[in-house]
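The values are calculated or read from the model by the stated rules, or taken from the named source; none is laboratory data. Here the structure is a predicted model, which is why all the values come from computation and not from measurement. Ideal geometry is used to build each Cβ from the backbone, glycine not excepted, and the neighbour counts take in all protein chains shown. Just the protein is used for accessible areas: all its heavy atoms, side chains included, with ligands, DNA and RNA removed. Shrake-Rupley method; radii C 1.70, N 1.55, O 1.52, S 1.80 Å.
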Amino acid sequence: MCKEVLGLIASALWFILPAYSANATPVVLGGGRPIDGGRKFRDGRPIFGPGKTIRGFVAGLVAGPVVGALQGVWAGDVFTYTVIGFLLALGALTGDLLGSFIKRRLGISRGGAAPGLDQLGFITLALLFASSLRLPSWEVVLTIFILTPPIHLATNFVGYKLGFKSRPY
Ligand code: CTP
Ligand code: MG
């Protein structure tokens, strides 16, 4: 039983690793021009806000397939893993953008917390994008959804302590 749970956790983390990488790299490498160019939506609020930058998006989009390629070297199929890494990264970054779009529409300003959306939005679209090529078993998907919020909160706290983030969540 215990062995099965550990196996499930390992499969979940292994599969979703490129999405986590794509979500984390912008925190370190992001900055500069925002994707929305500072433009406002028709409600007068920012489209995505200044926390979503072109450099961050591109950095995440590179990080995902790089991590995927490394997994592929290990697993013996560089091509497939690189493509899945790219799809997971594109999905994660799109989900992150969509999350910010929704937060701005709800009047939550940049960096404000949206519990649930902040932790699970990027993972949902990452899985959706990757599912065109590969979708893990429902048990693995469920494990990803259970593990991601605590991992996301823990890594954000570390990022805050290291000075990469202005807020601990
Ligand atoms: N970041 C970036 N480009 C992206 C995504 C993130 O540069 N496409 C950087 C920004 O510096 C951002 C940080 O990573 O502040 C943390 O990301 P996140 O928590 O997603 O953004 P928030 O600042 O909390 O903004 P929002 O409220 O829109 O989620
Ligand atoms: Mg945030």
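Selection of first residues in region 45-58 that are free of Cβ contacts under 8 Å to residues at least 60 places away in the same chain and over 13 Å from Asp96 (Cβ atoms) and of second residues that are surrounded by 16 or more Cβ atoms within 10 Å (Cβ to Cβ) and among the acidic types (Asp, Glu), restricted to Cβ pairs under 9 Å at least 6 apart or on distinct chains, gives the following pairs, ordered by first then second residue: Ile47/Asp36.
Determine if region 54-64 includes at least one residue that is of a type in the set (D, E, K, R), open to solvent by 60 Å² or more (accessible area, probe 1.4 Å), in contact with a Gly (Cβ under 8 Å, 6 or more places away or on another chain) and under 17 Å from Ser21 (Cα atoms). Checking region 54-64: at least one residue is of a type in the set (D, E, K, R), open to solvent by 60 Å² or more (accessible area, probe 1.4 Å), in contact with a Gly (Cβ under 8 Å, 6 or more places away or on another chain) and under 17 Å from Ser21 (Cα atoms).
Here Gly72 does not fit the description of being away from ligand 2 (no atom under 16 Å from the Cβ), open to solvent by less than 10 Å² (accessible area, probe 1.4 Å), under 16 Å from the mean Cα position of the chain (by Cα) and not hydroxyl-bearing (Ser, Thr, Tyr). Note on region 1-28: among residues that are among the aliphatic types (A, V, I, L, M) and crowded, with 17+ Cβ neighbours inside 10 Å, the one that is farthest from Ala130 (Cα to Cα) is Val27. In the set Ala126, Ala154, only one residue is more than 12 Å from ligand 1 (Cβ to nearest atom), of a type in the set (A, V, I, L, M) and under 11 Å from the mean Cα position of the chain (by Cα); that residue is Ala126. In the set (1) in a helix (DSSP H, G or I); (2) open to solvent by less than 30 Å² (accessible area, probe 1.4 Å); (3) within 13 Å of ligand 2 (Cβ to nearest atom); (4) without any contact (Cβ under 8 Å) to a residue 60 or more places away in the chain, the condition left unmet by Phe157 is number (2). Remark: pairs (first residue in region 16-33, on the phi > 0 side of the Ramachandran plot; second residue polar (S, T, N, Q); Cβ separation under 8 Å; 6+ apart in sequence or on different chains) = Gly31/Thr53; Gly32/Thr53.
Scan region 65-86 and tell me whether some residue there is in contact with a helix residue (DSSP H, G or I) (Cβ under 7 Å, 6 or more places away or on another chain) and on the phi > 0 side of the Ramachandran plot. Checking region 65-86: not a single residue is in contact with a helix residue (DSSP H, G or I) (Cβ under 7 Å, 6 or more places away or on another chain) and on the phi > 0 side of the Ramachandran plot. Summed over region 132-152, residues that are open to solvent by 70 Å² or more (accessible area, probe 1.4 Å) and β-branched (Val, Ile, Thr) total 1.
Out of curiosity, is Thr82 out of contact with any Cys (no Cβ under 7 Å at 6 or more places or on another chain), free of Cβ contacts under 8 Å to residues at least 24 places away in the same chain, open to solvent by less than 60 Å² (accessible area, probe 1.4 Å) and of a type in the set (S, T, N, Q)? Against the criterion (out of contact with any Cys (no Cβ under 7 Å at 6 or more places or on another chain), free of Cβ contacts under 8 Å to residues at least 24 places away in the same chain, open to solvent by less than 60 Å² (accessible area, probe 1.4 Å) and of a type in the set (S, T, N, Q)), Thr82 qualifies. Restricting region 101-128 to residues that are outside any helix (DSSP H, G or I) and small (Gly, Ala, Ser), the residue that is nearest to ligand 2 (Cβ to nearest atom) is Gly111. The residue of region 85-120 that is most open to solvent (accessible area, probe 1.4 Å), among those that are farther than 14 Å from Asn23 by Cα and among the aliphatic types (A, V, I, L, M), is Leu106.
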